1. To the nearest 10 degrees, how steeply does helix 201-211 sit against the main Cα axis of the chain, on a 0 to 90 scale?
2. Against the longest principal axis of the chain, how steep is helix 83-93, in degrees 0 to 90 to the nearest 10, with axes from Cα atoms?
3. So what's the angle, to the nearest 10 degrees on a 0 to 90 scale, between helix 239-256 and the longest Cα principal axis of the chain?
4. Can you compute the radius of gyration and Dmax for the stretch 138-259, using only the Cα atoms, both in Å?
5. Using the structure shown, select from Lys49/Lys215; Lys133/Lys258; Lys60/Lys215; Lys133/Lys234; Lys49/Lys133 the pairs with a Cα to Cα distance greater than 28 angstrom.
6. Within the stretch 120-191, which GluC sites (Glu not before Pro) sit in a loop by DSSP and count at most 13 neighbouring Cβ atoms inside 10 Å?
7. Is it possible to state the helix-based mean residue ellipticity at 222 nm for the chain, with each DSSP H run of 4+ residues giving -39500 (n - 2.57), the sum divided by total residues, to the nearest 500 deg cm²/dmol? What is it?
8. Need one word for the stretch 22-256: rounded, prolate or oblate. Basis is the Cα gyration tensor (sqrt eigenvalues a ≥ b ≥ c); a/c below 1.5 gives rounded, then a/b vs b/c decides.
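The numbers here are math on the coordinates, done by the rules we state, and not lab data. All values derive from a computational prediction rather than experimental measurement. Don't worry about glycine lacking a Cβ; one is built from the backbone with ideal geometry, like all the others, and counts go over all protein chains shown.
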Amino acid sequence: MRFLFTFLCLVSFLTAQEVKLPPKEQFHLFLLVGQSNMAGRGVVEEQDKTPHPRVLMLSKDGQWVPAVDPMHFDKPSVGVGLGKTFAQIIAEAKPGVTIGLIPCAVGGSPIDAWQPGVFYPPTKSHPWDDTVKRVALSLPAGTIKGILWHQGESDCKPELASAYAPKIHDLVKRLRELVKAPDVPFIAGQMGKFDDVPWSPDIVTVDQAHQELPKQVSNTAFVTAEGLKHKGDKIHFDAASYRELGKRYAEAFLKMTKR
């Protein structure tokens, strides 16, 4: 009984310990926003639960903790996403810094849900307003270096697709204002291009808005999903594809910020 009590006290002590943060200029923050393919729905494996010593994430309750998957908390189906792989590659490329991820994606959310005051019933959340709160918690600790966006599937409908381009341009502007960095890199990822899932004209329209973003909005990039696979549901990437997508986002970021 005494051993059990001692063990529980030790676990409680270790859990309560705060992660020691680096100086603000050495703590590089990245915002993860969008819908379920940003949150991640891949099957979690041991490698996804192994933290990198210089990669942290903002937990659901607003604490900086070692980054492991699942990182998001929007739905019970959450799993492996692209964020951890992205952050590990950036950390290795920049030995003197710690990476801080701010997970804010909301599964199923259309781009119209990313407006101030909008309530999104399926997750009982306010995607934009909740992001505002998490950014406010994060910015005092670090320096924002990038915004990663993966979204669009919920807007691939006749009544929504044609209006997507101006909405994402507006979103980039508002997110940059939110993080107080008017020209911070913004990277948009391509929706799944799976061999067994034909694209409708509306998907093509939304994809075109993503692909043309770098031509129309400064310091933005587009990441292809060519060759990636779904997990069997024809919507979400499998775990290996999420890791590859994270690698592609990292390559795009490093190319954008190469001096």
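1. It is inclined by approximately 60 degrees.
2. Once rounded, one gets 80 degrees.
3. Roughly 80 degrees between the two axes.
4. So, for the stretch 138-259, Rg and Dmax equal 15.0, 46 Å respectively.
5. Numbers: Lys49/Lys215 38 Å; Lys133/Lys258 31 Å; Lys60/Lys215 35 Å; Lys133/Lys234 33 Å; Lys49/Lys133 26 Å.
Correct reply: Lys49/Lys215; Lys133/Lys258; Lys60/Lys215; Lys133/Lys234.
6. Working: sites: Glu153, Glu159, Glu177; in loops: Glu159.
The qualifying sites are Glu159.
7. Values: 8 runs with 90 residues, N = 259.
Helix contribution divided over all residues of the chain: -10500 deg cm²/dmol.
8. Working: a/c = 1.42, a/b = 1.24, b/c = 1.14.
Since a/c stays below 1.5, the shape of the stretch 22-256 is classed as rounded.
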